[in-house]
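Asks: Supplied in structure tokens, the structure appears directly below.
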Amino acid sequence: MAVDTNKLAELRPAAAEGSDSAAGRRYRRAAKQVHLTAAERVQRGKAARAEAPRTSHAVFAPVPERPDPVDVLEGQAATRVADLVPIRYGRMLVSPFTFYRGAALLMAGDLAGTTRSGLTVQLCGDAHLMNFGAFASPERRLVFDINDFDETNPGPFEWDVKRLAASFEVAARDEGYSDKDRRAVLLQVGRTYRESMATFAGMTNLDVWYARLDVEEAVERLRTAVPKSVIKRAEANLAKTRTRDNLQAFNKLTHVVDGRRRIISNPPLIVPVEDFVGDVPIDQVMEDLRGIIRVYRRTLETDRRHLLSQYEFVDLAHKVVGVGSVGTRAWIALLMGRDDSDPLFLQVKQAQSSVLEGFTGRSEYTNSGQRVVAGQRIMQAASDIFLGWQRVTGLDGVQRDFYLRQLRDWKGSAVIEGMPPKTMTLYAQLCGWTLARAHARSGDRIAIAAYLGTGTVFDEAIADFASVYADQNERDHAALLEAADTGRIRVERGV
């Protein structure tokens, strides 16, 4: 497979964006905040029912002019690394669920045609069940939270709920669940979100901000409420999660070359930077990369800048990640501290416009990396200490945005394959609570709780929507399969 030398286009730093950015200036010029009373916020939520009845959220009917799904995906591919797009298609074609993971843009367009509540929050934008998981907080506790924010942007709260619920329906179908079991899972998503939002509506602002789901505490609370097999599986998964750190990545992804640590080569999934440089002296490239790290440091808090300054940048490689992200420019940077027992791996991931922006309006941030970081910080209870952003001007003169974070810091996700229905129902509860907490931090939690009410109307509507939308997802998956079979698209499977 030929290496695309254009991937080097992002390897030079542009001016940093921070408090003096256009977004920062707009923030300082913002109008005075209007503070409604709790009663006024309740009334606002109930009034929204007239514009968007809760039962209307059950409805999904693709519009006659709905674009061809393959055309939409091919349009996305135009801004991605061409050699990697066939890998993306291969991963999406594995099942309707893997297709769903890569089809956030398709669903954003479909959601734009549904009823809107008018109650805006900071959306994840891709809130499917595999974008939740465990990771280490700065206090070195395992927390459960949303962990992917590439598509984050403000929008109506129900879009995230619908994408989450539909992901459970698609995954449950993949697992062969009965209609009854699937319905129980879906109702749990809506019910937990609704009841959790009501709880957050009654809490103080600070209590909402400090709320988090501590994984070890959650396991202890469940120990007497669920079968021992569930606890045993959870503890095994958590033990594995704690091993997924910088040192594990260091041992797995590096080797010694001429006495120096270097990232391994495993094309097309991992390609070291020296394989891209062509005639450009590698020393010049490495100095440019050190400049990028120095500029990125300015987006961190002062104490974290100091910590990062104690690490020396030593190597970089392009690394294919995920399903939906395949084809975007994603790098891993190796930095070393005091010795070989003190490595730090940073992921440098390209940030493009959110799939939501064409339907909810442009982001207030001119740098898409800053958009991702800002959304993540407002939605997560605890964020990676090295989370920051960067804009880079390439050798081709094209500017590209990136965000940076640790590659691995006790990161773990649920194992869906083979998950029993009762366990998936419990997992739906965790995700529903977490999504409600994230929305409560950024939106009007009192108005949303009043809109949702105390009955099951919203729960039933979300479950109905998820079932209908899973049918659409299967049709779109079939369309991509046909495109592969007829040669309309090129696919690389099993990579």
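The values are calculated or read from the model by the stated rules, or taken from the named source; none is laboratory data. No experiment lies behind these values; they were computed from the predicted model shown. Note that each Cβ is placed from the backbone with ideal geometry, even for glycine, and that neighbours are counted across all protein chains shown. Just the protein is used for accessible areas: all its heavy atoms, side chains included, with ligands, DNA and RNA removed. Shrake-Rupley method; radii C 1.70, N 1.55, O 1.52, S 1.80 Å.
Asks: How many of the residues making up the stretch 322-340 are modelled with pLDDT under 90 and acidic (Asp, Glu)?
Replies: Qualifying residue count, the stretch 322-340: 1.
Asks: Count, please, the residues in the stretch 241-267 that happen to be over 13 Å from LEU346 (Cα atoms) and open to solvent by 50 Å² or more (accessible area, probe 1.4 Å). Before the answer, list the steps.
Replies: Here is the first cut: in the stretch 241-267, the ones over 13 Å from LEU346 (Cα atoms) are 241-244, 248, 251-252, 254-262, 264-267.
Narrowing the set further to residues that are open to solvent by 50 Å² or more (accessible area, probe 1.4 Å) leaves 242-244, 248, 251-252, 255-261, 265-267.
Total satisfying the criteria: 16.
Asks: Then there is this: Among the candidates LEU222, LEU206, which residue alone is out of contact with any helix residue (DSSP H, G or I) (no Cβ under 9 Å at 6 or more places or on another chain) and open to solvent by 40 Å² or more (accessible area, probe 1.4 Å)? Before the answer, list the steps.
Replies: Details: LEU222 fails: out of contact with any helix residue (DSSP H, G or I) (no Cβ under 9 Å at 6 or more places or on another chain).
Exactly one of LEU222, LEU206 is out of contact with any helix residue (DSSP H, G or I) (no Cβ under 9 Å at 6 or more places or on another chain) and open to solvent by 40 Å² or more (accessible area, probe 1.4 Å), namely LEU206.
Asks: Can I ask one more? Do you know which residues across the stretch 78-127 are out of contact with any Ser or Thr (no Cβ under 7 Å at 6 or more places or on another chain) and among the hydroxyl-bearing types (Ser, Thr, Tyr)? Outline the logic, then answer.
Replies: Taking the stretch 78-127 as the starting set, the residues that turn out to be out of contact with any Ser or Thr (no Cβ under 7 Å at 6 or more places or on another chain) are 78-79, 81-90, 93-99, 101-114, 116-120, 126-127.
If the condition is that a residue be out of contact with any Ser or Thr (no Cβ under 7 Å at 6 or more places or on another chain) and among the hydroxyl-bearing types (Ser, Thr, Tyr), then THR79, TYR89, SER95, THR98, THR114, SER117, THR120 are the ones that fit.
Asks: Could you tell me which numbered condition ARG244 fails, if it satisfies all but one of (1) assigned to a loop (DSSP other than H, G, I, E, B); (2) at pLDDT below 90; (3) more than 19 Å from GLY133 (Cβ to Cβ)?
Replies: (3)
Asks: Within the stretch 308-328, identify whether any single residue is open to solvent by 60 Å² or more (accessible area, probe 1.4 Å), on the phi < 0 side of the Ramachandran plot and either hydrophobic (A, V, I, L, M, F, W, C) or out of contact with any strand residue (DSSP E or B) (no Cβ under 9 Å at 6 or more places or on another chain) (or both), and answer yes or no.
Replies: Checked the stretch 308-328: at least one residue is open to solvent by 60 Å² or more (accessible area, probe 1.4 Å), on the phi < 0 side of the Ramachandran plot and either hydrophobic (A, V, I, L, M, F, W, C) or out of contact with any strand residue (DSSP E or B) (no Cβ under 9 Å at 6 or more places or on another chain) (or both).
Asks: Would you check if THR456 is surrounded by 23 or more Cβ atoms within 10 Å (Cβ to Cβ) and either in contact with a Cys (Cβ under 6 Å, 6 or more places away or on another chain) or polar (S, T, N, Q) (or both)?
Replies: When the stated conditions are applied, THR456 does not pass them.
Asks: Could you list all residues from the stretch 406-423 that are among the β-branched types (Val, Ile, Thr), open to solvent by less than 50 Å² (accessible area, probe 1.4 Å) and in a loop (DSSP other than H, G, I, E, B)?
Replies: Selection gives ILE416 alone.
Asks: If you don't mind, another one. Inside the stretch 466-493, can you point out the residues that are farther than 26 Å from VAL185 by Cβ, acidic (Asp, Glu) and buried (at least 16 other Cβ atoms within 10 Å of the Cβ)?
Replies: GLU492
Asks: I need the full set of residues from the stretch 329-342 which are open to solvent by 10 Å² or more (accessible area, probe 1.4 Å) and either under 28 Å from GLU74 (Cβ atoms) or not hydroxyl-bearing (Ser, Thr, Tyr) (or both), in order please. Reasoning before the result, please.
Replies: Step one: list which residues in the stretch 329-342 are open to solvent by 10 Å² or more (accessible area, probe 1.4 Å), which gives 329, 336-342.
Result: ARG329, MET336, GLY337, ARG338, ASP339, ASP340, ASP342.
Asks: For the stretch 268-303, which residues satisfy the criterion of being open to solvent by 40 Å² or more (accessible area, probe 1.4 Å) and under 12 Å from LEU346 (Cβ atoms)?
Replies: ARG297, the sole residue that qualifies.
Asks: Sort out for me the helices (runs of 4 or more DSSP H) sitting completely within the stretch 50-159 that have 1 or more residues that are surrounded by fewer than 23 Cβ atoms within 10 Å (Cβ to Cβ), in contact (Cβ under 8 Å) with a residue 60 or more places away in the chain and among the aliphatic types (A, V, I, L, M). Walk me through how you get there before you give the answer.
Replies: Details: elements: 69-77, 85-92, 96-101, 104-111.
The helices (runs of 4 or more DSSP H) meeting that bar are 69-77, 85-92, 104-111.
Asks: Do the conditions hold for ILE446, that is, is it crowded, with 20+ Cβ neighbours inside 10 Å, at pLDDT 95 or above and in contact with a His (Cβ under 7 Å, 6 or more places away or on another chain)? Steps first, answer last, please.
Replies: Numbers: crowded, with 20+ Cβ neighbours inside 10 Å: yes; at pLDDT 95 or above: yes; in contact with a His (Cβ under 7 Å, 6 or more places away or on another chain): no.
No; evaluated as a whole, the condition is false for this residue.
Asks: Taking only pairs six or more apart or across chains, which ones have beta-carbon atoms under 8 Å, a first residue in the stretch 246-273 that is in contact (Cβ under 8 Å) with a residue 60 or more places away in the chain, and a second residue that is of a type in the set (Asp, Glu) and open to solvent by 20 Å² or more (accessible area, probe 1.4 Å)?
Replies: Short answer, once both residue conditions are applied: PHE250/ASP340; ARG261/ASP340; PRO267/ASP275; PRO268/ASP83.
Asks: If you don't mind, another one. If TRP410 satisfies every condition in (1) in contact with a helix residue (DSSP H, G or I) (Cβ under 6 Å, 6 or more places away or on another chain); (2) under 23 Å from ARG233 (Cβ atoms); (3) modelled with pLDDT of 95 or more but one, which is the exception?
Replies: (3) is the only condition that TRP410 fails.
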